[in-house]
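Asks: Take this structure, written in structure tokens, and hold onto it; I'll ask about it next.
Where a number appears in this text, it was derived from the coordinates with a stated rule and is not lab data. Note that the coordinates shown come from a computational prediction; the quantities given were computed from them, not determined experimentally. Positions of Cβ are backbone-derived with ideal geometry, glycine not excepted, and every protein chain shown enters the neighbour counts.
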Amino acid sequence: MHDITIVLNGTEHRLQVQDHELLVELLRDRMRLTGTHIGCDTTQCGCCTVHLDGRAVKSCTMLAVQADGGTIVTIEGLAEGSRLHPMQLAFSQEHALQCGFCTPGMIMAATAYLAEHPQAGRAQITRALEGNLCRCTGYENIVDAVARVAANG
Ligand code: FES
Ligand code: FES
């Protein structure tokens, strides 16, 4: 077991984690933050994407112990109270989801990308989201939503 300290959605937690415990397991099974999804076991789908120190990471591909000292934001931490994050709003306005399974990961990947590339155009956005798979939408509306946020600054 390892002792770790993380700041998760604004709150500090001191936890004991096992050697083999994945970050996604810690988030979902112990912290009950089930908005972070598991869609594969091959690091391909991106459904498990969260922010670690402001960068998008696939939480199925990291050990929980590797997050020690880090600041993590999950989809549950993105809205401010009842006010949706602009990316969440844009996904709603652009009908950028159907079943919604990929949506938390898409939103976390997109927000991290735009934080570093606020002027991104459609081609860049499409490339940036290559690590996130969606089986429903055909991606166009997802790119529309992210482009809408970029256009609004
Ligand atoms: Fe598919 Fe993490 S669950 S990439
Ligand atoms: Fe169903 Fe993307 S909305 S997988």
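Asks: Compute for the stretch 16-76: radius of gyration divided by Kirkwood radius, i.e. Rg/Rh, restricted to C-alpha atoms, rounded to two decimals.
Replies: Working: Rg = 10.4 Å, Rh = 11.4 Å.
We get a ratio of 0.91 for the stretch 16-76.
Asks: Dividing the alpha-carbon radius of gyration of the chain by 2.2 N^0.38 Å (N being the number of residues), what value is obtained? List each step's numbers first, then the result.
Replies: Working: Rg = 15.2 Å, N = 153, 2.2 N^0.38 = 14.9 Å.
With N residues counted in the chain, Rg over 2.2 N^0.38 Å equals 1.02.
Asks: In debye, nearest 20, what is the charge dipole magnitude of the stretch 104-153 about its Cα centre with +1 on Lys and Arg Cβ and -1 on Asp and Glu Cβ, if you could check?
Replies: Working: 4 positive and 4 negative charges, 10 e Å.
So the dipole magnitude of the stretch 104-153 works out to roughly 40 debye.
Asks: Hey, another quick one. Mind giving me the nanometre distance, one decimal, between the label points for Thr11 and Glu80, set 7 Å out from Cα along Cα→Cβ?
Replies: 2.1
Asks: A follow-up question, please. About its Cα centre, how strong a charge dipole does the chain have in debye, to the nearest 20, once Lys and Arg get +1 and Asp and Glu get -1 at the Cβ?
Replies: Around 360 debye, computed over the chain.
Asks: Let me ask another. Arranged from highest to lowest average of other beta-carbon atoms within 10 Å per residue, in what order do the peptides 107-113, 70-76, 131-137 appear?
Replies: On the way: 107-113: 24.0, 70-76: 20.1, 131-137: 17.9.
Highest to lowest by the protection proxy: 107-113, 70-76, 131-137.
Asks: Projected onto the charge dipole of the chain (+1 at Lys/Arg Cβ, -1 at Asp/Glu Cβ, origin at the Cα centre), which of Asn9, Ile142, Leu26 gives the Cα projection farthest towards the positive end?
Replies: Ile142
Asks: Nearest-5 percent of antiparallel DSSP beta bridges in the stretch 1-143?
Replies: On the way: 15 of 17 bridges.
The answer is about 90 percent antiparallel.
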